[in-house]
1. Within segment 1-18, track down each residue that is among the β-branched types (Val, Ile, Thr), surrounded by 12 or more Cβ atoms within 10 Å (Cβ to Cβ) and farther than 19 Å from Leu308 by Cα.
2. Which of the residues that make up segment 175-193 are over 14 Å from Glu44 (Cβ atoms), buried (at least 16 other Cβ atoms within 10 Å of the Cβ) and either in contact with a Gly (Cβ under 7 Å, 6 or more places away or on another chain) or not aliphatic (A, V, I, L, M) (or both)?
3. Quick check, is Ser218 at pLDDT below 95, polar (S, T, N, Q), surrounded by fewer than 22 Cβ atoms within 10 Å (Cβ to Cβ) and under 15 Å from the mean Cα position of the chain (by Cα)?
4. Val10 - would you say it is assigned to a strand (DSSP E or B) and without any contact (Cβ under 8 Å) to a residue 24 or more places away in the chain?
5. List every residue pair whose Cβ atoms sit under 8 Å apart, with the two residues 6 or more apart in sequence or on different chains, where the first one lies in segment 141-163 and is touching a residue at least 24 places away in the same chain (Cβ under 8 Å) and closer than 22 Å to Ile196 by Cβ and the second, anywhere, is β-branched (Val, Ile, Thr) and not in a helix (DSSP H, G or I).
6. Of the conditions (1) in contact with a strand residue (DSSP E or B) (Cβ under 6 Å, 6 or more places away or on another chain); (2) without any contact (Cβ under 8 Å) to a residue 12 or more places away in the chain, Ser37 clears all except one; give me its number.
7. Give me a count of the residues in segment 129-168 that are assigned to a helix (DSSP H, G or I) and under 27 Å from the mean Cα position of the chain (by Cα).
8. Any idea how many residues of segment 44-103 are acidic (Asp, Glu) and either assigned to a helix (DSSP H, G or I) or buried (at least 19 other Cβ atoms within 10 Å of the Cβ) (or both)?
Amino acid sequence: MTDRVLLNVVHLKKYFPVRKGLLSRVVAHVQAVDDISFQIRQGETLGLVGESGCGKTTAGRTIVRLLEPTGGRVEFDGKDVAAAQGAELRRLRRDMQIVFQDPFSSLNPRMTIKSIVEEGLMVHGLGSRNERLDKVRETLEQVGLDPSYINRYPHEFSGGQRQRVSVARALALGPKFMVLDEPISALDVSIQSQIINLLVDLREKFGLTYLFISHDLSVVEYISDRVAVMYLGEIVEMARSESLYANPLHPYTQVLLSSIPTMDPARRRRRIVLQGDVPSPIHPPSGCRFHPRCPWAKEVCRQQAPKLLEIDGHQFRCHAVEKEQMGSGDYELPKQRTLPSEAQLEEAELAATK
């Protein structure tokens, strides 16, 4: 991993219109992704976690421009992805690939494995027919598949093998950056570790950069250098993996981590059970979006949206942490959790206003 920023996401938004009536007038918007910002350095893996419906998959697809952004900016290798057109956009897409969640629906059942992996090479005009065939065989070997499988169809493979084909399809173009959209959630538990280890090996071998989207917090901890936590379209906390798992500051992150099963008594947390359902992204709550379900919510949380503060690389949005009010109520916090000092909070708040 280097200090060079490969991907820079700045105030990214993605809203989906809600239409109603005979004239299909827009009456509201689903705020799937609402003003998120982060950077990923070359060779780094950023884990993006959150409940289903929080907007993490939409964020990944908007970054590679499978969905057009509503607002904000995505810069890849210094180039504005949203502004790119024609040949420039095609060159960017060669360097930015995505692996989808479900290998059963993301592969065309009418195409052979050779055609699936070769398709990107043909679209970008790379190599002669024989060179493309050699590249397909080489790529299949790199993902752990026998090159003799090239004339088979997707239905002849298991789920894990299909996901290896999906990885091969993305890898064939020699990308710099890959969005991994829950790449193991549709697989058997016995196969998941094999795919994760494959992704780690490919990252080390080719110097790849990952945005790893998942709801499996144990897997995210294993593969990620940093972790961002999303809730209702916003990033509520982001830090280095070891820092976030050892000392979560946002109550939503604490709730997520408390649900991880563990056999280690030293890492065991008291389970925090949330009340109520996730609010609608069409009409998100005022103030802090998590306050209707937060056990430690105060009046300020209902009225005022918290700023995104940063202390020693640990970013968070929470009034309770700012005012050191956490801990009241019926829930006990993890013993290892430490709150920032007043001086650190004042410095972070001053930086946030600049």
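1. Of the residues in segment 1-18, the ones among the β-branched types (Val, Ile, Thr) are 2, 5, 9-10, 18.
Filter again for surrounded by 12 or more Cβ atoms within 10 Å (Cβ to Cβ), leaving 5, 9-10, 18.
Residues satisfying the conditions are Val5, Val18.
2. So in segment 175-193, the residues over 14 Å from Glu44 (Cβ atoms) come out as 175, 181-193.
After this cut, where a residue has to be buried (at least 16 other Cβ atoms within 10 Å of the Cβ) as well, the list is 175, 181-184, 186-187, 191-192.
Of everything in segment 175-193, those that are over 14 Å from Glu44 (Cβ atoms), buried (at least 16 other Cβ atoms within 10 Å of the Cβ) and either in contact with a Gly (Cβ under 7 Å, 6 or more places away or on another chain) or not aliphatic (A, V, I, L, M) (or both) turn out to be Pro175, Asp181, Glu182, Pro183, Ala186, Leu187, Ile191, Gln192.
3. Values: at pLDDT below 95: yes; polar (S, T, N, Q): yes; surrounded by fewer than 22 Cβ atoms within 10 Å (Cβ to Cβ): yes; under 15 Å from the mean Cα position of the chain (by Cα): yes.
When the stated conditions are applied, Ser218 passes them.
4. On the way: assigned to a strand (DSSP E or B): yes; without any contact (Cβ under 8 Å) to a residue 24 or more places away in the chain: no.
Here the answer is no, as Val10 does not meet what is asked.
5. The qualifying pairs are Gln163/Val99; Gln163/Ile184.
6. Unmet for Ser37, out of (1) in contact with a strand residue (DSSP E or B) (Cβ under 6 Å, 6 or more places away or on another chain); (2) without any contact (Cβ under 8 Å) to a residue 12 or more places away in the chain: (2).
7. First pass over segment 129-168, keeping only residues assigned to a helix (DSSP H, G or I): 129-142, 147-151, 154-156, 159-168.
Next, only the ones that are under 27 Å from the mean Cα position of the chain (by Cα) stay: 139-140, 142, 154, 159-168.
Final tally of qualifying residues: 14.
8. Quick first cut of segment 44-103, residues acidic (Asp, Glu) only: 44, 51, 68, 75, 77, 80, 88, 95, 102.
Those still in the list that are either assigned to a helix (DSSP H, G or I) or buried (at least 19 other Cβ atoms within 10 Å of the Cβ) (or both) too: 44, 88, 95.
Residues that pass the stated criteria total 3.
The values are calculated or read from the model by the stated rules, or taken from the named source; none is laboratory data. As the structure is a prediction and not an experimental result, all values here were calculated from the model. Neighbour counts are summed over all protein chains in view; Cβ atoms, including those assigned to glycine, are modelled from backbone coordinates with ideal geometry.
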